[in-house]
1. Suppose we keep just the DSSP beta bridges with both residues in the chain; what percent of those would be antiparallel, to 5?
2. Would you mind computing, in nm to one decimal, how far apart the modelled labels at Thr332 and Met1 are, each placed 7 Å from Cα along Cα→Cβ?
3. Quickly work out the Phe82-to-Leu321 label distance, labels modelled 7 Å from Cα along the C-beta direction, and quote it in nm with one decimal.
4. What does the extension gain come out to for Trp225 and Met163, with contour length at 0.36 nm per residue minus their alpha carbon separation?
5. On a full-extension model of 0.36 nm per residue, what is the gain between Arg281 and Val151, subtracting their alpha-carbon distance, rounded to one decimal in nm?
6. If I take every Cα pair under 8 Å that is 6 or more residues apart in the chain, average their sequence separation and divide by the length, what percent do I get for the relative contact order?
7. Taking R0 as 22 Å, what's the FRET efficiency between Trp20 and Phe346 from their Cβ-Cβ distance, rounded to 0.05?
8. Return the equivalent ellipsoid semi-axes of segment 214-349 as a descending list in whole Å, where each equals the square root of 5 times an eigenvalue of the C-alpha gyration tensor.
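Just so you know, all these numbers are worked out from the coordinates, no wet-lab data involved. Quick caveat: nothing in here was measured; it's all calculated off a predicted structure. FYI the Cβ positions are ideal-geometry reconstructions off the backbone, even for glycines, and counts take in every protein chain you see.
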Amino acid sequence: MTIAAMILVNDPGTWAAVYWPLDHAEWNGWTPTDLVFPFFLFIVGVSMVLSFASRLRRGDPRGKLALHVVLRSLAIFATGFFLNLLPHFHFTTVRIPGVLQRIGVCYLIAGLFVLLTARRADSGGFTVNVPAVVAALIAVLAGYWLLMRFVPVPGFGAGNLSMEGNLAAWLDRRLLSGHMWSELHQVRDPEGILSTIPAIGTALWGALVGEWIRAPRPQSQMLKWLAIAGVAALAVGRALHPIFPINKNLWTSTFVLFTSGFAMIVFALCYWLVDVKGWRRWAMPWIAFGTNAITAYVIADLLAIASIDFRFQFGAHRTTLHGFIYSHFFATIAQPYNASLLFAIFFVLVCFIPILFLYRRRIFIRL
């Protein structure tokens, strides 16, 4: 569901007409779109715990799993970097950070920490060292707040959380100058260096949930406390908003609390629908997307690049495939906001075709 939503919000017909739930908050605050990326990192944390437990139970040594985490993280990072290079391969100005790059870094650090601090279970598998992960999560969130609140930024002072004056943006300008997201005029990068630290906390939060759901306890008890903890985290994050604003661009500590709580509630709802009630058919498209999640993202990115960056002659005008389809089909049947939304849905469906093909043939591409 998260991957499909990620494709949906990234590819409207026109950015000039996007319904507010399908666009990011300009700075402080949140929209449904701001939940998508943290939901993905959350479920990365959940799934890696389940994967580690399964492979260790089969007899894979911990060192082999650690190497797998390192190699997979590098592959994910490299894929994101390659996509940033397309289509012109301008190495001198290529954006270094990105969505896949952040996923790779978070998976690397959270995965190695969970794996190397884990305790061996009596069954021969492993159990997450919950106190260690909780301590790391607190250190990450509290440490990031202390850095953003008390470390002075040249020309702006300490505690400045404006787009230009915050510590994360300043650090990106110092270390990534010329290699940030060009649309922000090289002021900051939404997947920059310092703000990746609390994003690791989102993955660690998911790891705690992964351990919670695999522990032997009644489903009703597991779901009840999962929902209660989710509501509590969401409420605490919202209550602390005046002190440290909920902000996706900075991935603030309150953003981690708020979105992780939200993710726990949605996850509990999905678990109740699928595992308790047995309602599974509705989930098939999302399972297909999820079993080739990174592949789906890469396909969407490649299609977007091909449809936007290459122009062709149509009549007296040069246009892109994206512009041609939107203006000649969707813009003719609906007003701009609805036309833009219809195009985004169409784009998701186009991406779903190869994903469904892979799923039905049991082909799972794992980086």
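1. 90 percent
2. Modelled inter-label distance: 3.7 nm.
3. Reported label-point gap for Leu321 and Phe82 is 1.9 nm.
4. Numbers: separation 62, 0.36 × 62 = 22.32 nm, distance 3.73 nm.
Extra length from Trp225 to Met163 when fully extended: 18.6 nm.
5. So the extension gain works out to 41.7 nm.
6. Taking the mean separation of contacting Cα pairs over the length of the chain, I get 23 percent.
7. Details: r = 21 Å, r/R0 = 0.94.
With R0 = 22 Å, the Cβ-Cβ based efficiency is 0.60.
8. Equivalent ellipsoid of segment 214-349: 40, 22, 14 Å, largest first.
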